[in-house]
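Written out below as structure tokens is the structure these notes cover.
The values are calculated or read from the model by the stated rules, or taken from the named source; none is laboratory data. Worth saying up front: this structure is predicted, and the values here are computed from it rather than measured. Heads up, the Cβs are rebuilt from the backbone with ideal geometry, glycines too, and the neighbour counts pull from every protein chain shown. Note: accessible area is taken over every heavy atom of the protein model, side chains too, but ligands, DNA and RNA are not part of it. Shrake-Rupley method; radii C 1.70, N 1.55, O 1.52, S 1.80 Å.
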2 protein chains.
Amino acid sequence: MDSDIYKTLEAIGWALETTPSTQKFSDFAASTIELLARVQLPDGYLNSYVQASGEPRYQNLASSHEWYCDGHFIQAAVALARGTGNQDAMDIAIRLADHLVKEFAGQSRGLDGHPIIETALVELYRETGTAAYRDLAAQFVEQRGHGLAGDSGFGRRYLQDHLPVRERTTEVGHAVRALYLEAGVTDVATETNDTQLLDTSRQRWDDMVAAKTSLTGGNGSRHEGESFGDRFELPPDRAYNETCAAIASFHWSWRLLLATGEAKYADHMERILYNGFAAAINTEGVRFFYVNPLQRRVDHYEKDDPGRRREWFKCACCPPNIMRLLASLHHYLATSKDDTLSIHQYATAAVTGADLSVDVETDYPWDGTVTIRVTGAPAGERELALRVPAWSATAGLTVNEAQDSSERVPVPPDRYLRIRRAWQAGDEVRLRLDMTPRWTYPDPRVDAVRGCAAIERGPLVYCFEQTDQAARLDELTALAGGPLTERTVTLPGIGATIQVSAPGGHVPPREPAAAWTSDQAPAAPDERAVTVTAVPYFQWDNRGPGAMRVWIPVTGQAGPV
Amino acid sequence: MDSDIYKTLEAIGWALETTPSTQKFSDFAASTIELLARVQLPDGYLNSYVQASGEPRYQNLASSHEWYCDGHFIQAAVALARGTGNQDAMDIAIRLADHLVKEFAGQSRGLDGHPIIETALVELYRETGTAAYRDLAAQFVEQRGHGLAGDSGFGRRYLQDHLPVRERTTEVGHAVRALYLEAGVTDVATETNDTQLLDTSRQRWDDMVAAKTSLTGGNGSRHEGESFGDRFELPPDRAYNETCAAIASFHWSWRLLLATGEAKYADHMERILYNGFAAAINTEGVRFFYVNPLQRRVDHYEKDDPGRRREWFKCACCPPNIMRLLASLHHYLATSKDDTLSIHQYATAAVTGADLSVDVETDYPWDGTVTIRVTGAPAGERELALRVPAWSATAGLTVNEAQDSSERVPVPPDRYLRIRRAWQAGDEVRLRLDMTPRWTYPDPRVDAVRGCAAIERGPLVYCFEQTDQAARLDELTALAGGPLTERTVTLPGIGATIQVSAPGGHVPPREPAAAWTSDQAPAAPDERAVTVTAVPYFQWDNRGPGAMRVWIPVTGQAGPV
């Protein structure tokens, strides 16, 4: 449980960066750090379970989460230092990291079953400049894949310890562990200029997004081991898609964006953020999903996933993880390099970089118009680069337009629209993205959603909830490629949203029910004026326990394989 | 592990019934029973783990399997008594059962987490006439559903202990436990003439076959808890379909057939026997499946199921279970009641009943012709009733035909063809079933195989193995409703079989691979003269580790929803 406290401290660090006057946050951080300083052992070791139980250190790294907790503490200390300037937690973190270097640098004594120490040590290196931390992270990355982590009961693949990272081509095992490890691999590759290592990580990312990721950006196709499945094994009903895996994938994609500047990584961060991650908490913010499937049947039951958000869950890794991502969202909007300020994610915010200061204003993700007003600019030219998401078929871009423009501009292959000029305070750039709702089709190898399509609008994946339909959801189909109509509404339990409707059909249930029959092919749907209606996936399960599905069976012109 | 020995003893009992001179079987049984007689405690208690460990009795019935082992021993004793006439094991079983009656009759001290004691006690009642055994079984059946079994860590549903059996409408939890319990429920209902109890079991059977059973007759849609899933949650790749669940379902269906005489139960036994059960062992009979999925992807990996038959598995419940069913198959062919001999399953055998003796000769399941030759008949009329499986669209039936007849007879609604006459030794009845290969379609609510069809031929479900295809299996489709051609072949690793081929198409893979896209609907398959070829499912995985699928995506005229 130490890690839950540390993730809370990290969230506080980032929160104090944007809202420094929040006294209860700084009080909690101060008293917790004071306590930790007292209990940290003289040699730097710090772990409440091991210290309280008297069990030996580092005897069961496959399961003990000792480095995992260390990693979360180090990351929290970095957050508090960056967010507040306070170094109290950093003092503890440095003692802890020095202890790890002393104990493990150059050694092969074991490997934590749950990565995160890797990113944390690189972050500490960035903050302190102490190369030993980066080098220890690099060592841990290279040591994985040789059976050093032992066995936590689920085998070496579960711990990504069956193959060295430089040789592995696909994600396997526990999804959160795999993805935290990848963030660490990318961090190490970046800070050591190791192109070969970076390329293996990029290749696995491509493979994962193509063949092991849900439309919502979620990862983990199996409840068994909370793990990745085979390629193209992407069941909507049995998807595990742990909230923490979404966060880990977001962190990894961010690092790859930083390392490469490629828009696809920012696209994927957006997909995760507004769908797989955003769905985790309910409208009121008081319940959460640990598991994020893309379908809930009307009679769903499973012990490890009730199909409803919960108030609490004994493995409470997700809530503080959600906190630390929400509290740090401002980090992920933009980057600067040389004289270019790149905006990757759109939200109302004040952004500075490359000596430019701009105010961004938008109703994203509902509206595709983004207004960027320059509030401060240096002499000379600067470049503003604006990401056009892959889903936006067209884009409009104007500078200081006199009146609303419907003009479209060509989107370059790298999908960053670039404006280079001598900026003046008051200059106003307007980006217009295409929020027209669209049909999305699965790869034919995704067996579990064959014959289905999904609806997306802007960055939002949509889903069909029973409460919005005129017939039983499991008897409805949609007309593939049919016209989509949107409607702004306020729904009880959800609040403001945009519904999207499509023409559909009704499949009369076979009576008596039979899982299969050789007597007849399935009945064609009755297409008399049935409409199916979808709401954003992230807003599901705010209106009761009825059926839900993201992928809906389709009939008609754009019929699937 | 006691139960594995007991199941072996049971198999020996049934085997000695048909091959009484097998000395190594009777020697093993005699020495084992002699040992058990020595270690059974004076009060009748018998359990190697509890007796050797010194742990208290009946303190952890949710997990201890004490009654479960008792049940398997009692069933073994009944088998040995029936198969050999030897009562040595029965003496132990009666002491054990008397002990259970003394300890638990009228008590609410607990309930075993794993049913089978229920059927065993009813069997012992049938063998001894002691009503207390039947009544204790009835008590255990009624006590389930009240939380008496405790929690083995998977919750009350896992143990079917969340709702009384009279109130439950669907199968949930651990599939083997659920199905052994149902066999017990049916036994108790039958022996106590409890129509209401029987009806609840029949209703759940209908629900299970319609919405929670694989085409192969397998049960258990989830690896998690080896359990049933939601209604219509029937993933081919992630189906668990434990071999023991197939056996338990066979046992339950048999009891419902005895209780009702309805052909659907015999149909389902046949489906299980030739598919879900028969697939468990390889051609050479030296490897077995614990898990029986309907699809294996080319890159399949899972720790708890390698997708290949194994030589051994630490939870070794399946092999002795397979033995006891194989050794008792002769029990399940026919029944007699009053002056009617009903033949439910077709195999070469000598059958007696209703004072008739007949020799059955057939190449079933390869050939649909069944010849029944009367070898002994009494004076007066007797009825011979022959089941026509639901899959046989037509049936031929002749008595003492002069030459091959292609005439078809009407099949009555109950699907038993009946011939009542005064039989003479030498009379010959010929039944001809329709073995034409056929397409089978899933219910549209079975999301996981939407847009797919399967091939069946007679009682055999077919599957597509990579080795028989001209292109990657995951890029192939079949023409729905297209002509099926069969070919008798001998295949390495399999031996004699009948392949079935269908016209198909090839779906070019999307490049680069993408789990989804909004840019385009999936490509239509290229249908230039591609043929897809299937072999019987029970013969799969005898030719290497390539991809396999029972349900194949279809295109064309009989296109699915």
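A compact table of results
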| item | result |
| --- | --- |
| Accessible area per residue, Å², chain B with all protein chains present, probe 1.4 Å | 36 Å² |
| Accessible area buried, both sides summed, chains B and A with 1.4 Å probe, Å² | 5500 Å² |
| Karplus-derived 3J(HN,Hα), 6.51/-1.76/1.60, for each residue of region A:417-431, Hz, glycine and proline x | 7, 10, 10, 10, 6, 7, 7, 10, 3, x, 4, 10, 9, 10, 9 |
| Cα shape, region A:140-226, gyration tensor, a/c 1.5 rule | oblate |
| Using alpha-carbon coordinates, inclination of helix B:195-211 to the longest axis of chain B, degrees | 30 degrees |
| GluC sites (Glu not before Pro) restricted to region A:98-161 and DSSP loop, no more than 15 other C-beta within 10 Å | none |
| Peptide-level mean, for B:405-415, of C-beta atoms on other protein chains within 10 Å | 0 |
| Largest-first ordering by accessible area, 1.4 Å probe, given options B:303, A:24, A:7 | A:24, B:303, A:7 |
| Estimated vicinal HN-Hα couplings, Hz - region B:76-93 in sequence order (Karplus 6.51, -1.76, 1.60; Gly, Pro = x) | 5, 4, 4, 5, 5, 5, 6, x, 10, x, 6, 9, 4, 5, 4, 4, 5, 4 |
| Rounded to the nearest 10 Å², the accessible area of residue B:533 at probe 1.4 Å | 20 Å² |
| Chain B Cβ-axis minimum, rotational copy A, residue and distance in Å | B:451, 2 |
| Hypothetical label at residue A:166: residues of region A:187-224 whose amide nitrogen lies under 19 Å (7 Å Cα-Cβ projection) | A:187-205 |
| Residue A:288 accessible area, 1.4 Å probe, all protein chains in place, Å² to nearest 10 | 10 Å² |
| Threshold 40 Å² - residues in region A:432-470 whose accessible area is reduced by that much or more when the chain is no longer isolated, probe 1.4 Å | A:441, A:443, A:444, A:445, A:447, A:450 |
| Cβ-vector label at 7 Å, residue A:98, separations to other copies in nm | 7.8 |
| Shielding by partners, peptide A:228-236 (average Cβ within 10 angstrom, other chains) | 6 |
| Accessible surface ranking that places the most exposed of A:55, B:511, A:465 first, with a 1.4 angstrom probe | B:511, A:55, A:465 |
| Net length gained if the chain between residue B:496 and residue B:34 were fully extended (0.36 nm per residue, minus Cα distance) | 161.9 nm |
| Carbon plus sulfur fraction of accessible area for region B:218-372, probe 1.4 Å, in percent | 50 percent |
| Accessible carbon and sulfur surface of region B:432-561 relative to its total accessible area, %, 1.4 Å | 54 percent |
| DSSP bridge orientation in chain B - percent antiparallel, rounded to nearest 5 | 90 percent |
| Average other protein chain Cβ within 10 Å of Cβ, residues A:507-517 | 6 |
| Average silhouette area of region B:405-549, convex hull of alpha-carbon atoms, in square nanometres | 13.8 nm² |
| Residue (of B:423, B:3, A:553) at the positive-pole extreme of the protein assembly as shown, dipole from beta-carbon charges | A:553 |
| Long-range amide H partners of residue A:452 with built H, under 5 Å | A:554 |
| Interface residues in region A:283-308 - accessible area drops by 40 Å² or more relative to the isolated chain, probe 1.4 Å | A:297, A:299, A:301, A:303 |
| Per-residue HN-Hα couplings for region B:224-231 [Karplus 6.51, -1.76, 1.60; θ = phi - 60°; Hz; x = Gly/Pro] | 4, x, 6, 10, 4, x, 6, 4 |
| At R0 = 41 Å, FRET efficiency that the Cβ-Cβ distance of residue B:51 and residue B:207 yields, to 0.05 | 0.50 |
| Most to least accessible of A:430, B:168, B:472 (protein chains only, probe 1.4 Å) | B:472, A:430, B:168 |
| Cα-based shape type of chain B, given that a ≥ b ≥ c are square roots of the gyration tensor eigenvalues and the cut on a/c is 1.5 | oblate |
| Nearest-10 value in Å² for the accessible area of residue A:146, using the 1.4 Å probe | 120 Å² |
| 7 Å along Cα→Cβ, label-point gaps from residue B:376 to other copies, nm, shortest first | 10.7 |
| Accessible surface of region A:142-188, 1.4 Å probe, proportion on carbon and sulfur as whole % | 53 percent |
| Average Cα contact separation per residue, chain B, under 8 Å, 6 or more apart, as relative contact order % | 10 percent |
| Calculated label separations, residue B:348, copies of the chain, 7 Å along the beta-carbon direction, nm | 8.4 |
| Separation of the residue A:87 and residue A:41 label points, Cα + 7 Å toward Cβ, nm | 2.7 nm |
| Anisotropy class of the protein assembly as shown from Cα gyration tensor, a/c 1.5 cut | prolate |
